[in-house]
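Here the structure is laid out as structure tokens; the discussion comes afterwards.
The values are calculated or read from the model by the stated rules, or taken from the named source; none is laboratory data. What you see is a predicted model, and the numbers here were worked out from it, not measured in a lab. Cβ: placed from backbone, ideal geometry, glycine included. Neighbour counts: every protein chain shown.
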């Protein structure tokens with residue numbers, strides 16, 4: 001590891017196989033915490049290359065506990081996190097709206113590292129018990145339309161890295177990897193990323209796959225459709241710059257997306273929105289993200305997808321999905 005660190009300190013890059021091998025070494029527990037922190041810091045100080053990101057992804061997928069949900073053909077709505085915006089749990093709320101609209105969801109999530117409440121924090125607070133038992137997970141997605149894949153249970157090899165990430169408290173390349181390493185190996189994804197540079201790295205890698213995908217980045221820094229600015233959307237067919245107004249929404253203020261200061265506040269807001277008691281701004285942002293996920297999963301028009309998302313929320317189907325999921 002010492003040689004690798006010196007290699008990186010000389011401003012040199014890693015090859016794909018090197019990156020894969022190093023991440024596996026870190027996961028094995030043979031690399032000391034100071035060296036792991038130093039390694040992570042390199043990629044905070046400089047950008048990551050496609051080869052490095054591919055290698056890290058390959059290692060994570062090799063080491064993960066795989067669950068086969070292909071019979072459900074689910075979609076994952078997942079952001080990289082790390083945008084530092086402290087928004088409420090937009091993609092997770094949108095996941096329940098999507099499931100309420102009849103599209104199966106395999107939501108991959110984790111505890112917050114650089115935010116107050118990650119998806120796992122809020123789901124756990126509301127009473128859901130995490131599991132990696134295949135039968136329980138299949139029963140959840142079959143009966144409620146959604147299952148939750150808590151990352152630490154499916155990536156146990158990362159237990160040596162997780163405490164270091166938490167102590168660092170800033171985004172690392174593991175934020176970049178999160179959406180890429182869903183243990184169900186989903187074929188459909190809505191991915192939010194925290195930078196344009198990362199959006200293009202993702203686009204390059206996803207174009208090499210057989211996924212149906214939409215990658216989004218709001219130009220004012222959000223890793224989701226925030227409706228606070230124009231946003232970049234990349235799919236297999238095109239790369240486009242979209243305005244909130246063109247999609248039928250008012251432009252929002254960043255304060256409209258504030259997620260609170262505690263996990264309790266995040267959970268209360270989560271349920272309030274799904275009950276249909278959110279304000280116009282909160283409803284708009286979750287509906288925009290849910291609609292894009294439905295459009296991606298079903299290859300339908302934006303108007304059709306948005307209509308289905310609105311119906312799921314307004315009819316109470318999204319909240320019923322949450323209730324059944326938590327039961």
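Residues checked against (1) within 19 Å of residue 99 (Cβ to Cβ); (2) in the same structural domain as residue 52 (by TED's automatic domain parsing); (3) touching a strand residue (DSSP E or B) at 6+ places or on another chain (Cβ under 8 Å):
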site	(1), (2), (3)
192	yes, no, yes
196	no, no, yes
229	no, no, yes
235	no, no, yes
238	no, no, no
259	no, no, yes
263	no, no, no
267	yes, no, no
280	no, no, no
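Only one of these is touching a residue at least 60 places away in the same chain (Cβ under 8 Å) and either within 18 Å of the chain's Cα centre (by Cα) or within 22 Å of residue 170 (Cα to Cα) (or both): 107, 85. Name it.
Details: 107 fails: touching a residue at least 60 places away in the same chain (Cβ under 8 Å).
When all the criteria are applied, what remains is 85.
Restricting the range 243-254 to residues that are out of contact with any helix residue (DSSP H, G or I) (no Cβ under 9 Å at 6 or more places or on another chain) and under 13 Å from residue 220 (Cα atoms), which is surrounded by the most Cβ atoms within 10 Å (Cβ to Cβ)?
Filtering the range 243-254 for residues that are out of contact with any helix residue (DSSP H, G or I) (no Cβ under 9 Å at 6 or more places or on another chain) and under 13 Å from residue 220 (Cα atoms), the one surrounded by the most Cβ atoms within 10 Å (Cβ to Cβ) comes out as 254.
One line per residue, one yes/no per condition, for (1) modelled with pLDDT of 95 or more; (2) in a loop (DSSP other than H, G, I, E, B); (3) at positive phi:
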residue: 35; (1), (2), (3): yes, no, no
residue: 78; (1), (2), (3): no, no, no
residue: 116; (1), (2), (3): no, yes, no
residue: 123; (1), (2), (3): yes, no, no
residue: 130; (1), (2), (3): yes, yes, no
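Could you tell me which numbered condition residue 236 fails, if it satisfies all but one of (1) free of Cβ contacts under 8 Å to residues at least 60 places away in the same chain; (2) touching a helix residue (DSSP H, G or I) at 6+ places or on another chain (Cβ under 6 Å); (3) over 25 Å from residue 258 (Cβ atoms)?
If we test residue 236 against (1) free of Cβ contacts under 8 Å to residues at least 60 places away in the same chain; (2) touching a helix residue (DSSP H, G or I) at 6+ places or on another chain (Cβ under 6 Å); (3) over 25 Å from residue 258 (Cβ atoms), just (2) comes out false.
Suppose the filter is surrounded by fewer than 22 Cβ atoms within 10 Å (Cβ to Cβ) and in contact with a helix residue (DSSP H, G or I) (Cβ under 8 Å, 6 or more places away or on another chain); does residue 134 pass it?
No; evaluated as a whole, the condition is false for this residue.
Do we have residue 153 as in contact (Cβ under 8 Å) with a residue 12 or more places away in the chain, touching a helix residue (DSSP H, G or I) at 6+ places or on another chain (Cβ under 8 Å) and on the phi < 0 side of the Ramachandran plot here?
So residue 153 fails the test.
What is the number of the single condition among (1) under 24 Å from residue 76 (Cβ atoms); (2) out of contact with any helix residue (DSSP H, G or I) (no Cβ under 9 Å at 6 or more places or on another chain) that residue 217 does not meet?
Looking at each condition in turn, residue 217 falls short on (2).
Let's see how each residue does on (1) at pLDDT below 95; (2) outside any loop (DSSP other than H, G, I, E, B):
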site: 58; (1), (2): no, yes
site: 62; (1), (2): no, yes
site: 66; (1), (2): no, no
site: 84; (1), (2): yes, no
site: 106; (1), (2): no, yes
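Can you find even one residue in the range 9-20 that is surrounded by fewer than 17 Cβ atoms within 10 Å (Cβ to Cβ) and touching a residue at least 60 places away in the same chain (Cβ under 8 Å)?
Going through the range 9-20, the residues surrounded by fewer than 17 Cβ atoms within 10 Å (Cβ to Cβ) turn out to be 9-13, 15, 17-18.
Narrowing the set further to residues that are touching a residue at least 60 places away in the same chain (Cβ under 8 Å) leaves none.
No; the residues of the range 9-20 include none that is surrounded by fewer than 17 Cβ atoms within 10 Å (Cβ to Cβ) and touching a residue at least 60 places away in the same chain (Cβ under 8 Å).
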